[in-house]
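Read the structure below first, then the notes.
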Amino acid sequence: MNKNSSNTMALAPNTSNKRQTVCIFGTGDFGRALGHKMIQSGYHVVFGSRSTQTSSLIPKDAEVLSHAEAAQKAAIIIIAIQRQHYNFLTPLAEILQGKVLVDVSNNLKINQYPESNAEYLAQLVPGAKVVKAFNTVSAWALQSGTLDASRQVFVCGDDMEAKQMVMDIARALGLTPLDRGSLLAAQEIENYPLQLFPMWKFPILLSLGLTAFFFFYCLIRDVIYPYVYENKDFSFFIAISIPNRICPILALILLALVYLPGVLAAIIQLYRGTKYRRFPDWLDKWMLCRKQLGLVALAFASLHVLYTLVIPIRSFVRWRISSRTIALALNNETEPLNTTNAWLSDSYLALGILGFFLFVLLGITSLPSVSNNVNWREFRFVQSKLGYLTLILCTAHTLVYGGNRFLSPSSYRWYLPNAYMLALIVPCIVLVVKFVLVFPCLDKPLTQIRQGWERNPQYSE
Amino acid sequence: MNKNSSNTMALAPNTSNKRQTVCIFGTGDFGRALGHKMIQSGYHVVFGSRSTQTSSLIPKDAEVLSHAEAAQKAAIIIIAIQRQHYNFLTPLAEILQGKVLVDVSNNLKINQYPESNAEYLAQLVPGAKVVKAFNTVSAWALQSGTLDASRQVFVCGDDMEAKQMVMDIARALGLTPLDRGSLLAAQEIENYPLQLFPMWKFPILLSLGLTAFFFFYCLIRDVIYPYVYENKDFSFFIAISIPNRICPILALILLALVYLPGVLAAIIQLYRGTKYRRFPDWLDKWMLCRKQLGLVALAFASLHVLYTLVIPIRSFVRWRISSRTIALALNNETEPLNTTNAWLSDSYLALGILGFFLFVLLGITSLPSVSNNVNWREFRFVQSKLGYLTLILCTAHTLVYGGNRFLSPSSYRWYLPNAYMLALIVPCIVLVVKFVLVFPCLDKPLTQIRQGWERNPQYSE
Amino acid sequence: MNKNSSNTMALAPNTSNKRQTVCIFGTGDFGRALGHKMIQSGYHVVFGSRSTQTSSLIPKDAEVLSHAEAAQKAAIIIIAIQRQHYNFLTPLAEILQGKVLVDVSNNLKINQYPESNAEYLAQLVPGAKVVKAFNTVSAWALQSGTLDASRQVFVCGDDMEAKQMVMDIARALGLTPLDRGSLLAAQEIENYPLQLFPMWKFPILLSLGLTAFFFFYCLIRDVIYPYVYENKDFSFFIAISIPNRICPILALILLALVYLPGVLAAIIQLYRGTKYRRFPDWLDKWMLCRKQLGLVALAFASLHVLYTLVIPIRSFVRWRISSRTIALALNNETEPLNTTNAWLSDSYLALGILGFFLFVLLGITSLPSVSNNVNWREFRFVQSKLGYLTLILCTAHTLVYGGNRFLSPSSYRWYLPNAYMLALIVPCIVLVVKFVLVFPCLDKPLTQIRQGWERNPQYSE
């Protein structure tokens, strides 16, 4: 609302408080739901349909006219029709001249057609201003009013004014319009509702792969080895003991993988002496899914905490402790307190607690509503400083847990080291390289490069 | 801001950067707070008051005039006066002709008057454009600047343009306006600030009722029965043991009740052969509070986890374990490891951990800021697929916990079965019916019906 | 978008769907990133630069012209240049007459210059309409498209219309503009990106101080005292036992400090008989950081829970329990169940669990996306009613934990009472004063004062 219009109102009160008219082509499920919602929000709705017979399913306050008649009544026409029927619009081209056509269609597959539905519509009716919108909203959500999932409406189109008109309608319906630029973005917008967590694919596949590997690794060491050599049935380790080995290992490796691409990027930038050359594709993709990697790592860490805390309730653990106590009692022995053991046990638990606590803090700050309320300096402080502190604490937790066990030959069953030793490789590499990069002789040029300085500037500005 | 105005500016720079004037009738607490905030946001504010004497409480930069004079200065007049005094506006009708009147009033009770305050105002001053807004914001929040609670301003009114003007003011004050349609919505908007978690009422009452029932059920079985038959005082079970029976039972039953209405709706739709007939009212209401039911269930599940994890710290449990160990030691017995018990104990714990983990994931995705960032496909994947997986895991957790105990007669004290058996009824029914509905012979027609197909179409389109 | 324009469109379809032109002065890192994003969002971008040679770093679709030429092409000019070079704009004053100048600059220190950069710009070019915006967005975020941190763009300026134009651009770029009023707010907006959790400073410093104090207090009582008198090495208590004393103490004290200022404010208001006099500055500041105090308290409470739950896994605890069991077994003793102890142990655990559960609930409702979805009545119910209930439960938890230990002289080592006794002082004071304030003789006048009533009204209205 600009100042002009409000001034006009004050001087010559505008008495035409008629509602804006919107036309909807198509009386299918989605068209009706959208029409219903628009009437509720104060719009006047005209349906354009092949047959103008009013069905009882069409909202009561709406008109139903032929396509040509309906189109003439409104500046905005919503095309709630499937792409394969779009060619019926060709004869109407003259009437649609200069109108805003809103393409709300979705496809069944990602990239089903060479061009997006909205671009196809724009080709069919070149005189109209095509805007893509509302395809991310479901008919069911509009009908039931429970917009639990996304209220976001992605909008794109080549005409600014037309886009604004559509975004105003979206706002009036209680939705959140997001301008995605020109009609070129339509393909992406049409693919959006067909996606199923695309950013999560790589982290989840990676963790499934690692889980499978470490599961069989631990199965061999902890179940098959004692069965073969000692004929002991520890198959029940599959339920808790082995998952409780896998979870911390995956949490630690994935957390290190969150910080590895940043370290690689720094090395590449230092080597190239500029930030203006693109990273290799795999590194770009890796950097974009760091948040998801971190959250999957947090999930494994949380499971590790739960698995660890139930230890004293486990029937096997109770049996083991009780047998040991009985054995000592029967041998009339009293064990003195081993202060070193107490120190090791307490400090690895304490490191784990603090690491997990910081990890959860990182997770909370990555909630959209929290990260929207911090500025860049704060966001980087949390994600970088606190993140590295978490990685250090968790690595230390694993190192202290191991103690000097890695020296004892009994830890190597069938020459396989303890699984936790494998888990330490990636985090230790990341921490060592990061430690090297912190030295001023490397940190200073890196900061300069990131502020836009170039070692060998190739382009005059 | 439309294109025209920006073009105009580029060609003939508009030099009148005077601030917009807003008039406020009433110099009470809320009127002053709103005026203060508006001045801060760059508006020029004119108060309309019975006495035009400036009080030191009125913001310094505001003018105070008579009602008639103040009204003439602005296109928008905010009526910060209580409903019972609205009739003083009748003599001003001519001046208010065409003005935007903003009704900010609240009542003391839900549905206090037959018509909403805003509709009453519109009747009193028929020539004005009445908009309902700002009633959800508190004077204290405006004054202190700590808008911790809702920044949402619900706006409704019959005139689109007037509504837009008010929504622009709300945005300028740092609030989030939400268009709720025509003035008919005013009643609902006026009731909103008087509500106290209306969607939570049913889930909380239901869980209180069930809690009371299961509390007395367990009290009889676990405290009164041993007291009567064995003369043992287990009254301290009231603090932890009994709550730790009630919590998992309620979590499981409430979680099953989240999925029951969906199953019922599917049966009704299959029977009717159409999705275009409304569900019975109770089912509609039930479906709308599923999220709340689920969150209450999650609360009980979390309490169950905490209660379970403190078990080994309990003085009673330590005493019991220690007495058993001493008894074994004194009898010179060594108990061998019971692998079946180890399997049962570990697998019911593992199922519980995984179930709780998924349950927390479901809870996180129901946070508004998270669910706003997923598309419909993803939301349904999480809430339906992961939800059923959670229900299956939690039901299995309870079944394995029970083991074959339900066969032993000692589980039936006074013919009362163990409480966990009662908890299994609803989830098992839901899972069995859902399992039947997944078969293609039922799933295929259901999918068609949900896409708009009708078995006996009664209306021509 | 107002009605007029859409009507105009319907009647005389506007065929000029040319994109809006925006000019950017400066081809540095931020200017280029902003230009790139604007082109993506459908704007036509003209760069104004000293040398008009196109560098390959500048987005392809942008024009590069001299400053004067570029300025004439657009109504909006973004000044992406450092403050110290602003004076090059003085000769351009005539061309910039009536244009919207957007100041996007940031400083290196808080309050680096006496006046904000935007105000300095407005002084240099008095004929232009200066708007402050986009300084909170980072070039990197714009380039990479990962706007994980704040999408918020604070906007301020003296001209409403100019501000609206800039806010529309921000929305088109997928950002969330927030109007912060007149250009006077520019200083604050320029300081914003330099801040590092300013609201958290006091709570964190306070808790660090208290942590240090209680750490040495417990060190003396629990490590040094037994070392001096019993020559026992309990140094490993530093890892878990002492932190697990400090955490609950700090959680309780900080939680009480959340409610203390409210109680003090009530006393001051009752004493003064009015709510219209400002509180002392320290009280105002204290009240504004209550949310942060509460969240720090919750962090300590969470750590306490984790530290407590690992108790049974600790090597020291296992040794202590096992030694005790062996000692009893060797002495051929069987200990009967002490029901009082069972009651005390279970009820203090249960109180702690319930208190922590409510505390977490409070924490969840303080998430921005959750608190935005509740009305004022609900927010106050949760934060006040549930908050006090949490405080009562946590205080009771500590009291029951202590039991009647405070009577035993052995609790006073070197005349130092147990640390938990010190922790009880503040919460008990808060609860007692609050209890007194609830009595009608004090509650009634307080409610009246808060609704605007004054005991000695000094100003006529």
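The values are calculated or read from the model by the stated rules, or taken from the named source; none is laboratory data. In this text the structure is predicted, and so the values were computed from the model without any measurement. Every residue, glycine as well, gets a Cβ built from its backbone with ideal geometry; the counts of neighbours run over all protein chains shown.
One table, with the values for the structure above:
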{"item": "Checking C:ASP222 against (1) closer than 27 Å to B:VAL317 by Cα; (2) surrounded by fewer than 20 Cβ atoms within 10 Å (Cβ to Cβ); (3) facing another protein chain (nearest Cβ under 9 Å), the condition it does not meet", "result": "(3)"}
{"item": "From the options B:GLU94, B:GLU119, residue that is among the acidic types (Asp, Glu) and within 13 Å of another protein chain (Cβ to nearest Cβ)", "result": "B:GLU94"}
{"item": "Unique residue being in the same structural domain as C:THR390 (by the TED database), buried (at least 18 other Cβ atoms within 10 Å of the Cβ) and either touching a Pro at 6+ places or on another chain (Cβ under 9 Å) or under 25 Å from C:ASP443 (Cβ atoms) (or both) when the list is C:ALA350, C:ALA299", "result": "C:ALA350"}
{"item": "Output for the stretch A:357-375, where each listed residue is within 7 Å of another protein chain (Cβ to nearest Cβ) and more than 24 Å from C:TRP140 (Cα to Cα)", "result": "A:PHE357"}
{"item": "Test: residue in the stretch C:97-107 that is within 10 Å of chain B (Cβ to nearest Cβ), buried (at least 20 other Cβ atoms within 10 Å of the Cβ), touching a strand residue (DSSP E or B) at 6+ places or on another chain (Cβ under 8 Å) and assigned to a loop (DSSP other than H, G, I, E, B)", "result": "yes"}
{"item": "Helices (runs of 4 or more DSSP H) within the stretch A:238-333 that include 2 or more residues within 19 Å of A:GLY352 (Cα to Cα) and touching a His at 6+ places or on another chain (Cβ under 6 Å)", "result": "A:243-272"}
{"item": "Matching residues, the stretch A:61-85, being assigned to a helix (DSSP H, G or I) and crowded, with 19+ Cβ neighbours inside 10 Å", "result": "A:HIS67, A:ALA70, A:ALA71, A:ARG83"}
{"item": "When residues of the stretch B:225-260 are limited to those that are within 14 Å of chain C (Cβ to nearest Cβ) and surrounded by fewer than 19 Cβ atoms within 10 Å (Cβ to Cβ), the one farthest from B:LEU393 (Cα to Cα)", "result": "B:ASN231"}
{"item": "Residue in the stretch B:266-283 that is modelled with the highest pLDDT, counting only those that are basic (Lys, Arg) and surrounded by 15 or more Cβ atoms within 10 Å (Cβ to Cβ)", "result": "B:ARG272"}
{"item": "The stretch B:336-350: number of residues that are more than 38 Å from the chain's Cα centre (by Cα) and at the interface with another protein chain (Cβ under 7 Å from one of its Cβ atoms)", "result": "5"}
{"item": "Criterion (more than 7 Å from every other protein chain (Cβ to nearest Cβ) and acidic (Asp, Glu)) met by exactly one of A:GLU333, A:GLU378", "result": "A:GLU333"}
{"item": "Residue under evaluation A:CYS247, criteria (1) within 30 Å of the chain's Cα centre (by Cα); (2) over 21 Å from A:ILE311 (Cα atoms), criterion not met", "result": "(2)"}
{"item": "Complete set of residues in the stretch A:190-204 that are touching a residue at least 60 places away in the same chain (Cβ under 8 Å) and away from chain C (no Cβ under 13 Å)", "result": "A:GLU190, A:ASN191, A:PRO193, A:LEU194, A:GLN195, A:TRP200, A:PHE202, A:PRO203, A:ILE204"}
{"item": "Any pair with Cβ under 6 angstrom, 6 or more apart, that starts in the stretch C:217-237 at a residue that is in the same structural domain as C:LEU422 (by the TED database) and ends at one that is at pLDDT 90 or above and not in a helix (DSSP H, G or I)", "result": "C:CYS218/C:ILE242"}
{"item": "Any hit, the stretch A:391-404, residues being of a type outside the set (Val, Ile, Thr) and within 27 Å of C:ALA141 (Cα to Cα)", "result": "yes"}
{"item": "Residue check for A:THR398: among the hydroxyl-bearing types (Ser, Thr, Tyr), within 26 Å of the chain's Cα centre (by Cα) and modelled with pLDDT of 85 or more", "result": "no"}
{"item": "Sole residue being surrounded by fewer than 19 Cβ atoms within 10 Å (Cβ to Cβ) and modelled with pLDDT of 90 or more, chosen from A:VAL305, A:VAL263", "result": "A:VAL263"}
{"item": "A:TRP414, sole failed condition from (1) surrounded by 12 or more Cβ atoms within 10 Å (Cβ to Cβ); (2) at pLDDT below 90", "result": "(1)"}
